[in-house]
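Down below is the structure, laid out as structure tokens.
The values are calculated or read from the model by the stated rules, or taken from the named source; none is laboratory data. Treat the numbers as computed from the prediction; the structure is a model and nothing was measured. Here the Cβ positions follow ideal geometry from the backbone for every residue, glycine too, while neighbour counts run over all protein chains shown. Note: accessible area is taken over every heavy atom of the protein model, side chains too, but ligands, DNA and RNA are not part of it. Shrake-Rupley method; radii C 1.70, N 1.55, O 1.52, S 1.80 Å.
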Amino acid sequence: MAKHKRIVIGNWKMYIDSPAVAMDVVRHVNRKTAGSKIEIGFAVPFVLLPTMANALKNSKIMLGAQKLSAHGGGAHTGEISAGMLKAVGASFVIVGHSERRENETDAMIAEELLRASEAKLRVVLCVGEKNRDESGAHFEFIAAQLKSALAAFPKISAARSLIIAYEPIWAIGKQADAAMKPAELREMEIFIRKKLTEILGRENAMKVPVLYGGSVEEGNAQSLIEGGDVAGFLVGHASASAATFLPIIQVCEK
Ligand code: PGA
């Protein structure tokens, strides 16, 4: 197993729309995790980035966005570039979340990764199958997602700035008991590591943390991190309040 610093990232999706509530959650988590040994981050809606950057000014908590444009700049109405994210204080961005892949092609995702890398943003690349059957086709599906996203990605940037989040779509947004089983997660972690080794070379691949996301809650975090052998979690609904997010962070601190 590769030894990475543990990482827990909250993906707020559209759960929080009030800047006051957002400040409250982030400040609370910040206070309770001062001196933490792990990496903690929040991927927030674009409009909350400046407020959050301000709230996290002297904090080690990482601030990130949930998507970015495949374009570097110019005439693209409504788009947000990697450079803009960097300028307002983001240090990472989620790319290829399944809720975005509905509107984005593999080619766009590969471009987005390049834009993020050029702007020196860390990238949380999400991969995950829609469903599973006996044939094991989900392994090939994940392999294809990794291959197309990383085909042109500079291998050296991957070692420095890439994080993979394995998020099976069938396990997202449920209660803890519907999430992935630890043994299945372990098997997938090994498979992803093998594919990363083929794509990036062993030395680079070993530096890439693999996270799990999909209905992570206080009740299953312990068994998933131990049994699944992942470096941490990408947490959706449970990250929208300090009361549900902090216990997951505490599990990862151990
Ligand atoms: P969930 O979301 O924890 O609510 O399942 C995870 C994600 O989609 O990133």
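Count Lys and Arg as plus one, Asp and Glu as minus one, and take only other residues whose Cβ is under 14 Å from that of residue 63; the net charge is then +4.
Once C-alpha pairs closer than 8 Å and six or more residues apart are averaged by separation and normalised to the residue number of the chain, the relative contact order reads 22 percent. Note on the range 62-140: Kirkwood hydrodynamic radius from all Cα pairs is 13.4 Å, rounded to one decimal. Taking the DSSP beta bridges with both ends in the chain, the antiparallel portion is around 0 percent.
The number of Lys pairs in the range 1-130 with C-alpha atoms less than 17 Å apart, excluding pairs fewer than 8 positions apart on the same chain, is 12. Taking label points 7 Å from Cα along the Cα-to-Cβ direction, residue 141 and residue 155 give a separation of 3.0 nm.
Taken about its Cα centre, the chain carries a charge dipole of about 1060 debye when Lys and Arg each add +1 at the Cβ and Asp and Glu each add -1 at the Cβ. Here the extension length gained between residue 226 and residue 77 equals 49.2 nm, from 0.36 nm per residue of separation less the Cα-Cα distance. Note: relative contact order over the range 1-99, using C-alpha pairs below 8 Å and six or more positions apart, is 26 percent. Here the spin labels are modelled as points 7 Å beyond Cα on the Cα-Cβ line, and at residue 194 and residue 104 they lie 2.8 nm apart.
Accessible area of residue 170 (1.4 Å probe, protein heavy atoms only, ligands and nucleic acids ignored): about 70 Å².
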